[in-house]
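Asks: First the structure, which I've put down as structure tokens, then a few questions once you've had a look.
The values are calculated or read from the model by the stated rules, or taken from the named source; none is laboratory data. Since we're looking at a predicted model, the values are computed, not measured. Glycine also receives a Cβ, built like all others from the backbone with ideal geometry; neighbour counts cover every protein chain displayed. Keep in mind that these areas ignore ligands, DNA and RNA; they rest on the heavy atoms of the full protein, side chains included. Shrake-Rupley method; radii C 1.70, N 1.55, O 1.52, S 1.80 Å.
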Amino acid sequence: MRSLRMKLVMIMVILILALMSVVGAFLINGVGNFYISEFYVQMNQTFSPEFISELQRIAANETDAPERMKELLMAQAGLGIDISNRNVYVLDETGAVMASSNGEQAVAMSANLLKAMNGEVGQDSSISSSTMDLAVPIEMGAQRYIVYILDAKATVDALTNEVLTIIIKALALGLVICLVLSVLLAQILITPLRALTRGTRQVAAGDFEQRLDAASHDEIGVLTRNFNHMAQVLQDTISEAENERNKLSTLFLHMTDGVVAFSAAGTVIHSNPAATQMLSRQLDPATTFDEIFGEEAELDTLLTLKRPQYIERQKTVGERELELFLAPFSSDQTQGGVLVVIHDVTEQRKSEQSRREFVANVSHELRTPLTNIKSYAETIVSAGDDLPPELRTNFLGVIINEADRMTRIVQDLLTLSKIDYGKMEMNISRFSFAKAVQNVYEAARLNAEQNHHHTITFTCEDNIPEVNGDRERIEQVVMNIVSNAIKYTPDGGNIEIHAGSGKKTVYVRVTDNGIGIPEKDLPRLFERFYRVDKARSRESGGTGLGLSIAREILQQHKGDIHIDSVYGEGTDVVITLPAAN
């Protein structure tokens, strides 16, 4: 009975059974009532006033009145006397049989017979009674008789049985036809329903491209078209949701900020690679909130926050400085959880520190020459004409030197600023790298030999390729390295300049036997304003920006600079540039 087909068949069968039962009941009842009614019509036609007068005459005058009355009754065609089914009785006033058509000497007492014994005609009957009877009282003076007609309803029963047989046959035929039609009807109804069932099953399995034929325009056709529309809407919605999920997944996977999502129980739900890298640990479902962020915040407190409230915290992991933003992602404390966004501010902190150091260094570097200029200028002003000319000239020379020093600092700062903002103009051209290095050697040789008594040599390989770049800037870089070698090599030292080429590159190597650089200072040589020997640098007019500028210029030329040094023994600097094609 779970099948719709069986339900439809059973409904049709029950409908036919109910219909045939009602029709059969009406037919049987109608046949019975018709024959009862016809019986009494016949009796009324037979027992006319003339016929009753004749019976009364017989009863009054004949000595054998009961027998004569029976014979007269049986002679009436309207009675349709059938001794096997319809019998005639003549009774006395007490109900005793005086004469009968079937020879019986007693009859069963009935309601009609009792009425006749009371002087009334008894002619009542019902479809439920097993017989039809008529009792007519005949009175003539002192003589009182009762004429009693009794029909066993055999004809009615036979006809009823025949009607019942016909009804049963019709019912059987109707059931067969009903079964066939109901099966066909069920097939017509169930076929699209089965298609809908298969379609919904496929949609439930994720196949949203399923479409059904909707040829009919009835309710099932409307349902089928609605199903197709629903599948299309679901497909579009799922596709949009999938696209959004892919976007969020891609963003979540590749975003630079770390993201970790925790359930209300405190276990990890999601995390991205950035979070794993920042926290320097693997994040799996067994990892809990308290293990990672228990010192920064409490999970229960975070779950009680209302959106868009959040908590901001700081966390240090190794050398990393992390900024944490913690907030609940659902108002339901049982189904929600906590989202932690991690921002790596290590470089930001370093930049802030570098910026503070840069400002301090610039202030310090500018303050020293300004202080000297002011001091010497005030001395000249206060002394007036009392200051000897030689000393005045000396003081003015110091002022000029300090002003030149400030000019160099400002120029270096402007150069770095242009580099940082990408505004430094480059006059790119193809030139001979060997010739550029030789020019630097020629410019520095006089100062090295005459002022410091250094032995400076220059060697150059054959066939060094040309380079593409700003010749003036490249010579500035090489000059900066050679100048450092001259300044930080004690008088009488040896300085070697060698130009050569490698595979698709050219290089210049500057080697000296000067004071060298401590190993701990090597990583910081290219920091702005960083100087290994601050006192010696200031004495020689250094600003601490030369190497920073040199590296920036080389990077813009896709070149490199490498420094090796042993403290107390000397320094070796190699500048590399790509050769021109």
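Asks: Run the reach check for Lys418 against aspartates and glutamates, Cα to Cα strictly under 13 Å, same-chain hits fewer than 8 apart removed. What comes back?
Replies: Excluding near neighbours in sequence, the set is Glu552.
Asks: To the nearest 20 debye, what is the magnitude of the charge dipole of segment 93-156 about its Cα centre, counting +1 on the Cβ of each Lys and Arg and -1 on the Cβ of each Asp and Glu?
Replies: Numbers: 3 positive and 7 negative charges, 8 e Å.
The calculated dipole for segment 93-156 is roughly 40 debye.
Asks: Now, a different point. Could you tell me how many degrees, from 0 to 90 and to the nearest 10, lie between the Cα long axis of helix 433-446 and the main elongation axis, the longest principal axis, of the Cα atoms of the chain?
Replies: Helix 433-446 and the main axis of the chain meet at about 40 degrees.
Asks: With a 1.4 Å probe and all protein chains left in place, how much accessible area per residue does segment 141-271 have, in Å²? The partial results should precede the final answer.
Replies: Values: 8100 Å² over 131 residues.
Each residue of segment 141-271 exposes 62 Å² on average to a 1.4 Å probe.
Asks: Which of Asn102, Val13, Asn44 sits closest to the plus end of the dipole of segment 1-157, meaning its Cα is farthest towards the positive end, when Lys and Arg get +1 and Asp and Glu get -1 on the C-beta?
Replies: Of the options given, the answer is Val13.
Asks: Do the alpha carbons of any pairs in Lys315/Lys520; Lys70/Lys153; Lys487/Lys520; Lys435/Lys503; Lys435/Lys487 sit beyond 27 Å of each other, and which pairs? Display every interim value, and only then the final one.
Replies: Details: Lys315/Lys520 29 Å; Lys70/Lys153 21 Å; Lys487/Lys520 21 Å; Lys435/Lys503 20 Å; Lys435/Lys487 24 Å.
Check vs 27 Å cut-off fails for Lys315/Lys520.
Asks: Tell me what the chain gives for mean residue ellipticity at 222 nm when only DSSP H runs of n ≥ 4 count, each as -39,500 (n - 2.57), the sum divided by the residue total, rounded to 500 deg cm²/dmol. Can you show the working numbers first?
Replies: Details: 15 runs with 295 residues, N = 581.
Only helices count here, giving -17500 deg cm²/dmol.
Asks: Let me ask you something else. Sort out for me the Cα centre separation of segment 349-399 from segment 240-276, rounded to whole Å.
Replies: 58
Asks: Report, in degrees rounded to the nearest 10, the 0 to 90 angle that the Cα long axis of helix 4-46 makes with the longest principal axis of the chain.
Replies: 20
Asks: Would you compute, for the Cα atoms of the chain, the largest minus smallest coordinate along each principal axis and list the three values in descending order, in whole Å?
Replies: Principal-axis extents of the chain (Cα, largest first): 202, 57, 42 Å.
Asks: Compute the Cα gyration tensor for segment 165-233, then decide on rounded, prolate or oblate, letting a ≥ b ≥ c be the square roots of its eigenvalues: rounded whenever a/c is under 1.5, prolate when a/b is larger than b/c in the other cases, and oblate in all that remain.
Replies: Numbers: a/c = 5.86, a/b = 3.26, b/c = 1.80.
Prolate, since a/c reaches 1.5 and a/b exceeds b/c.
Asks: Place a +1 charge on the Cβ of each Lys and Arg in segment 95-234 and a -1 charge on the Cβ of each Asp and Glu, then give the dipole magnitude about the Cα centre in debye, rounded to the nearest 20. Working shown, then result.
Replies: Working: 9 positive and 13 negative charges, 128 e Å.
The calculation lands at about 620 debye.
Asks: Another question, if that's okay. With charges only on Cβ, +1 for K and R and -1 for D and E, what is the dipole size of the chain about its Cα centre, in debye, rounded to 20? Provide the component values of the computation, followed by the final result.
Replies: Numbers: 53 positive and 75 negative charges, 288 e Å.
Its charge dipole is roughly 1380 debye.
Asks: While we're on this one: Once label points are set 7 Å from the Cα along Cα→Cβ at both Asp491 and Glu298, what is their separation, rounded to one decimal in nm?
Replies: 7.5
Asks: Could I ask something else about it? Against the longest alpha carbon principal axis of the chain, how many degrees, from 0 to 90 and to the nearest 10, is the axis of helix 389-420 turned?
Replies: Taking Cα atoms only, the helix is inclined about 20 degrees.
Asks: Follow-up. Could you tell me what percent of the accessible area of the chain is made up of carbon and sulfur, with a 1.4 Å probe and every protein chain present? Don't skip to the answer; put the middle values down first.
Replies: On the way: 18180 of 33420 Å².
The value for the chain is 54 percent carbon and sulfur by accessible area.
Asks: Which residues make up the longest stretch of the chain clear of GluC sites (Glu not before Pro) that lie in a DSSP loop with no more than 10 other Cβ atoms within 10 Å, not counting the sites?
Replies: On the way: sites that count: Glu209, Glu295, Glu319, Glu425.
Within the chain, the longest run free of exposed GluC sites (Glu not before Pro) spans 1-208.
Asks: Run the numbers for Asp290 and Tyr421: contour at 0.36 nm per residue of separation, minus the present Cα-Cα distance, in nm.
Replies: Working: separation 131, 0.36 × 131 = 47.16 nm, distance 4.47 nm.
Here the segment from Asp290 to Tyr421 would lengthen by 42.7 nm.
Asks: Give the long-range amide H neighbours of Asn494: residues separated by 5 or more places, or on another chain, with amide H under 5 Å away, using H modelled in the peptide plane at 1.01 Å from N.
Replies: Thr455, Asn513
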